[in-house]
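K.L.:
Take this structure, written in structure tokens, and hold onto it; I'll ask about it next.
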Amino acid sequence: MCSARAVRSEAEYFDDIQDVKVTKDMLDLAKHIVNQKAGRFEPTKFEDQYEAALVELINRKRAGKPVTAKARPRGENVVDLMDALRQSIGKASSTPAKPAKRRRKASAGQKEMLMPIQGKRAAKERTVKRTVSKAQRKSA
């Protein structure tokens, strides 16, 4: 039995989503990525593991065999993170520091995607400009 309160308007779900203006370049980039990743679904390559396990369970019950939980696969290459951290700290003190890796240059098409970030240098320049302009006002 379905009541009128069970069906809700879409506004309850989507009114919190802000309207965002997307540039044509970004939209084209998104379409390009989606088109590259798109493919056709081939049902013959799809294997439903849940269904296969369920069919196997049903067949075991029909045959009168006992149904037991399968053992979970055990990972052979399990690393204790705390031991690895302790070892890395011990090795770091005895070995000389490696030189820093060089940063790779951005590709030619990437420049329009990068956005400037104002860091310490920009803030410092603003502070210098303010002090200079205050000094000029006082001397005038």
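The values are calculated or read from the model by the stated rules, or taken from the named source; none is laboratory data. The structure displayed is predicted, hence computed values, not measured ones. Please note: Cβ atoms are built from the backbone with ideal geometry, for glycine as well, and neighbour counts cover all protein chains shown. Surface accessibility is based on the protein's heavy atoms, side chains included, excluding ligands, DNA and RNA. Shrake-Rupley method; radii C 1.70, N 1.55, O 1.52, S 1.80 Å.
K.L.:
Does segment 63-82 hold any residues that are among the basic types (K, R) and at pLDDT 80 or above, and which are they?
P.N.:
Correct list: K65 only.
K.L.:
Sticking with this one: Can you find even one residue in segment 60-74 that is among the hydrophobic types (A, V, I, L, M, F, W, C) and touching a helix residue (DSSP H, G or I) at 6+ places or on another chain (Cβ under 7 Å)?
P.N.:
Yes, because at least one residue in segment 60-74 is among the hydrophobic types (A, V, I, L, M, F, W, C) and touching a helix residue (DSSP H, G or I) at 6+ places or on another chain (Cβ under 7 Å).
K.L.:
Being in a loop (DSSP other than H, G, I, E, B) and open to solvent by less than 100 Å² (accessible area, probe 1.4 Å) is the filter here, so list the residues in segment 16-68 that pass it.
P.N.:
V22, T23, A38, G39, E42, D48, A63, G64, P66, V67
K.L.:
Among residues belonging to segment 1-15 that are outside any loop (DSSP other than H, G, I, E, B) and charged (D, E, K, R), point out the one that is surrounded by the fewest Cβ atoms within 10 Å (Cβ to Cβ). Show your work before the answer.
P.N.:
Within segment 1-15, the subset outside any loop (DSSP other than H, G, I, E, B) is 4-6, 11-14.
Narrowing further to those that are charged (D, E, K, R): 5, 12.
On the way: R5: 6, E12: 8.
Ranking the qualifying residues of segment 1-15, first place goes to R5.
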